[in-house]
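What follows is one structure encoded as structure tokens, with my remarks underneath.
The values are calculated or read from the model by the stated rules, or taken from the named source; none is laboratory data. Everything quoted here is computed from the prediction, not taken from an experiment. Cβ coordinates were reconstructed from backbone atoms using ideal geometry, including for glycine residues, and neighbour counts include every protein chain displayed. What goes into the accessible areas is simple: the full protein's heavy atoms, side chains included, and nothing from ligands, DNA or RNA. Shrake-Rupley method; radii C 1.70, N 1.55, O 1.52, S 1.80 Å.
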Amino acid sequence: MNRSFDIALAQMTPANGDIGANLAKMEAIINECKRKFPNVRLLLFPELCTTGYVLSEMLKEAAQTWDGSTFQHMSQLAQKFQLYTVDEHFSLQ
């Protein structure tokens, strides 16, 4: 069985430490991507897109767990738009 699908790469400048603003940007990118390219099934975001490039003590505050609110939000968007997303962020215990 030969299955093919389209892949898209997202480019964005995340706001350092502002997860809410970054998630809103990511949602807008998903909306635009699916509107312009409805066959996309995999959308790749840049590393640290949810937290921004926070490489200081603030990182511990901005970090998310794999099952936290950021994961839940992105999971809901992926289901709604019928695609997979990849968005790296730090997870600290």
Handout entry: Degrees separating the helix 69-81 axis from the principal Cα axis of the chain, which is the longest one
Key = 10 degrees
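Taking the Cα centre of segment 26-77 as origin, sum charge times position over the Cβ atoms of Lys and Arg (+1) and Asp and Glu (-1), and report the length of that vector in debye to the nearest 20.
Values: 5 positive and 6 negative charges, 77 e Å.
It works out to roughly 380 debye.
How many Å² of accessible area per residue for the chain, probe 1.4 Å? Display every interim value, and only then the final one.
Values: 6300 Å² over 93 residues.
Counting only protein heavy atoms, the per-residue value for the chain is 68 Å².
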Problem - Prolate/oblate/rounded call for the chain, Cα gyration tensor, a/c under 1.5 rounded - result: prolate
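Counting only protein heavy atoms and a 1.4 Å probe, tell me what percentage of segment 1-90's accessible area is made up of carbon and sulfur.
Summing carbon and sulfur atoms, their accessible area is 53 percent of the total for segment 1-90.
What does the charge dipole of the chain about its Cα centre add up to, to the nearest 20 debye, if the Cβ of each Lys and Arg holds +1 and the Cβ of each Asp and Glu holds -1?
Values: 8 positive and 10 negative charges, 106 e Å.
In total the dipole reaches around 520 debye.
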